[in-house]
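Working notes, beginning with the structure itself.
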Amino acid sequence: NAGVMQNPRHLVRRRGQEARLRCSPMKGHSHVYWYRQLPEEGLKFMVYLQKENIIDESGMPKERFSAEFPKEGPSILRIQQVVRGDSAAYFCASSPTGPASDTQYFGPGTRLTVL
Amino acid sequence: DQQVKQNSPSLSVQEGRISILNCDYTNSMFDYFLWYKKYPAEGPTFLISISSIKDKNEDGRFTVFLNKSAKHLSLHIVPSQPGDSAVYFCAASDRGSTLGRLYFGRGTQLTVWP
């Protein structure tokens, strides 16, 4: 049973470009969470999605950031007009049935570097 | 504000001995706690969890203790092995109201030496 998949593992962008990060949850999991880890910090929640629905985006910056989890295909975290402060590791996690009873399992992360 | 705190950035333990990693939290609504282990350039790996209705949960070499009155939990690893060397993150959730959002501490780097 494959774990949570994320791609790309490393992404380099210049200031002003767009970054697209993809996450495929574990088989049978329909709940996806995105977290960001800045250097020397813990992971910080960004957004929680179910298929075709954003459940909680209160941790996501209001501008330039968006997330989706379509009916088919992976969840996408999109960062428009990237700035140097967006450089971080972005982790996706999934759970089978939702937050009330389930542990979140993490992918390997995407390391975004903004030049 | 940091609702989950790991005040020791690093811990060094000899192989075979017990490793004790500590975590404090401030939000009394947290009802589910987890420990994750993380190697460099990898994602966090789930280790063990505990619900607030319990004060202890054990899984092999790993035991988590929860002291709700002190808002404190700890992870015991015994015996410690060199392969346990990693960053350990404590995480907490208020499953009732924050929809599964996990709050993480900053992590403790555990080094187990032979």
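The values are calculated or read from the model by the stated rules, or taken from the named source; none is laboratory data. Keep in mind that what you see is a predicted model, and the values were worked out from it rather than measured. Here the Cβ positions follow ideal geometry from the backbone for every residue, glycine too, while neighbour counts run over all protein chains shown.
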Report task. Report, by residue number, each residue of the range B:32-50 that is more than 7 Å from chain A (Cβ to nearest Cβ) and assigned to a loop (DSSP other than H, G, I, E, B). Result -> B:Tyr39, B:Pro40, B:Ala41
Query raised in the report: Do any residues in the range A:1-16 that are free of Cβ contacts under 8 Å to residues at least 60 places away in the same chain have Cβ atoms under 9 Å from those of residues that are among the small types (Gly, Ala, Ser) and not in a strand (DSSP E or B), where the two are at least six apart or on different chains, and which pairs are they?
Result: A:Asn1/A:Gly28
Query raised in the report: Mind checking which pairs have a first residue in the range A:61-77 that is on the phi > 0 side of the Ramachandran plot and a second that is in a loop (DSSP other than H, G, I, E, B), Cβ under 7 Å, 6 or more apart or different chains?
Result: A:Arg64/A:Gln80; A:Arg64/A:Gln81
Report summary line: Residues in the range B:73-114 that are assigned to a loop (DSSP other than H, G, I, E, B) and away from chain A (no Cβ under 14 Å) total 6
Query raised in the report: Taking into account only those residues within the range A:94-110 that are buried (at least 19 other Cβ atoms within 10 Å of the Cβ) and more than 8 Å from every other protein chain (Cβ to nearest Cβ), which is modelled with the highest pLDDT?
Result: A:Thr110
Query raised in the report: Among the candidates A:Gly59, A:Gly73, which residue alone is outside any strand (DSSP E or B), closer than 12 Å to A:Trp34 by Cβ and over 11 Å from the mean Cα position of the chain (by Cα)?
Result: A:Gly59
Requested in this report: Please indicate, with yes or no, whether at least one residue in the range B:53-62 is more than 13 Å from chain A (Cβ to nearest Cβ) and under 12 Å from the mean Cα position of the chain (by Cα).
Outcome: yes
Report summary line: Only one of (1) over 13 Å from the mean Cα position of the chain (by Cα); (2) under 25 Å from A:Val47 (Cα atoms) does not apply to B:Val112, and that is (2)
Query raised in the report: What residue, among those in the range A:5-33 that are of a type in the set (A, V, I, L, M) and not in a loop (DSSP other than H, G, I, E, B), is surrounded by the most Cβ atoms within 10 Å (Cβ to Cβ)?
Result: A:Val32
**Report entry** the range B:63-72, subset away from chain A (no Cβ under 14 Å) and not polar (S, T, N, Q), residue farthest from B:Ser12 (Cα to Cα)
**Finding:** B:Lys68
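Condition test on A:Glu57, is it over 13 Å from B:Arg101 (Cβ atoms) and of a type in the set (Asp, Glu)?
Working: over 13 Å from B:Arg101 (Cβ atoms): no; of a type in the set (Asp, Glu): yes.
Criteria not met by A:Glu57.
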